[in-house]
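Here's the structure we're looking at; comments come further down.
The values are calculated or read from the model by the stated rules, or taken from the named source; none is laboratory data. Not measured: the values here are computed from a predicted model. Note: ideal-geometry Cβ built from the backbone for every residue, glycine included; neighbour counts use all protein chains shown.
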Amino acid sequence: MNDGSSRFQLQSVAFFGRTLAEYLQMLALDQEGLRGLKILDVASGPGSFIAEALAMGLDATGCDPMYNGDPEAIVAQGKADIDACREQIRRNPGALVYADIEAFYGDKYAALERFAADYAKRRCDGRYIAGALPSLPFADGSFDLVLTANFLMVYAPLEAGGMHAGDSFGLDFHLRSVEELARVTRKELRVPGMHTWKQPPERHPYCRPMMERLEELGFAVTLLASRYDDGCNATDSGCNQVLVARRP
């Protein structure tokens, strides 16, 4: 992903989801360790994490600004955004490089299909809640584990190492967002993608300020390695990591 026209760019927030297996890799989670926890996934998108988690008997809730929409309309938006991202990668083959691009997009379409069925069934039972950072519709300490899979860092401005061709999600937004994630968790929160989205990837400039803000709020903060292939070759650079913040 080079500077200039070959760099992957997003003009708006894509409605783009992932599977439970991808979550486990991206967020360095242990599946069995999720049992007994009340889990919130923020910016959940059209992913199948909530559907798969509920099918396993886990207590999971998704939150996304699109969750106030009609099922057919938001699924159509999800497919359009997956297709648009795929086309941009086709036109800019050096922007993001995956070990298996077909498997990557196969997971995206599979996640969307499973999400569609579950959202249509559960949208009125409190498992899919409309809401957006940096102000979530939940009381303080509502969840044991709060996740946000692929929003923060990714949508930082281009000049800050993100993918967003705009300035809506700068450092102030990120700091207010982690404060909000901290507010609604009583135990732990995890944010992936602590690297920039340009080649070669480096530690994201927002990483340290976010860690420091969480430490000010009383959390013990660390970075864990992620095995998820996000197309950035960040594992080779040693900066494909997940921010993990735990209350003492």
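For this structure, a couple of remarks:
- Reported count of residues in the stretch 163-181, each being surrounded by fewer than 20 Cβ atoms within 10 Å (Cβ to Cβ), modelled with pLDDT of 95 or more and of a type in the set (Gly, Ala, Ser), is 1.
- Single residue of the stretch 3-51 satisfying the filter (among the polar types (S, T, N, Q) and loosely packed, with under 15 Cβ neighbours inside 10 Å) that is modelled with the highest pLDDT: 31
- Residues of the stretch 55-70 that turn out to be of a type outside the set (Asp, Glu) and either part of a loop (DSSP other than H, G, I, E, B) or surrounded by fewer than 16 Cβ atoms within 10 Å (Cβ to Cβ) (or both), as a count: 7
- Looking across the stretch 217-227, the residues that are loosely packed, with under 15 Cβ neighbours inside 10 Å, modelled with pLDDT of 95 or more and either part of a strand (DSSP E or B) or β-branched (Val, Ile, Thr) (or both) come down to 220, 222, 224.
- Identity of the residue in the stretch 96-145, without any contact (Cβ under 8 Å) to a residue 60 or more places away in the chain and of a type in the set (A, V, I, L, M), that ends up surrounded by the fewest Cβ atoms within 10 Å (Cβ to Cβ): 139
- When residues in the stretch 53-79 are screened for being in contact (Cβ under 8 Å) with a residue 40 or more places away in the chain and within 22 Å of residue 181 (Cβ to Cβ), 10 of them pass.
- Every condition in (1) at negative phi; (2) surrounded by 20 or more Cβ atoms within 10 Å (Cβ to Cβ); (3) modelled with pLDDT of 90 or more is met by residue 205 except one, and the failing one is (2).
- Any hit, the stretch 124-138, residues being outside any strand (DSSP E or B), under 22 Å from residue 231 (Cβ atoms) and modelled with pLDDT of 90 or more: no
- Residue match in the stretch 89-102 (condition: among the hydrophobic types (A, V, I, L, M, F, W, C), farther than 15 Å from residue 49 by Cα, out of contact with any strand residue (DSSP E or B) (no Cβ under 9 Å at 6 or more places or on another chain) and part of a helix (DSSP H, G or I)): yes
- When residue 214 is tested against the conditions (1) outside any helix (DSSP H, G or I); (2) more than 17 Å from the chain's Cα centre (by Cα); (3) surrounded by 18 or more Cβ atoms within 10 Å (Cβ to Cβ); (4) at pLDDT 95 or above, the lone failure is (1).
- Qualifying residue in the stretch 149-162 (condition: of a type outside the set (Gly, Ala, Ser), in contact with a Lys or Arg (Cβ under 8 Å, 6 or more places away or on another chain), closer than 22 Å to residue 85 by Cβ and surrounded by 17 or more Cβ atoms within 10 Å (Cβ to Cβ)): yes
- Against the numbered list (1) more than 18 Å from the chain's Cα centre (by Cα); (2) more than 14 Å from residue 51 (Cβ to Cβ), residue 113 comes up short only at (2).
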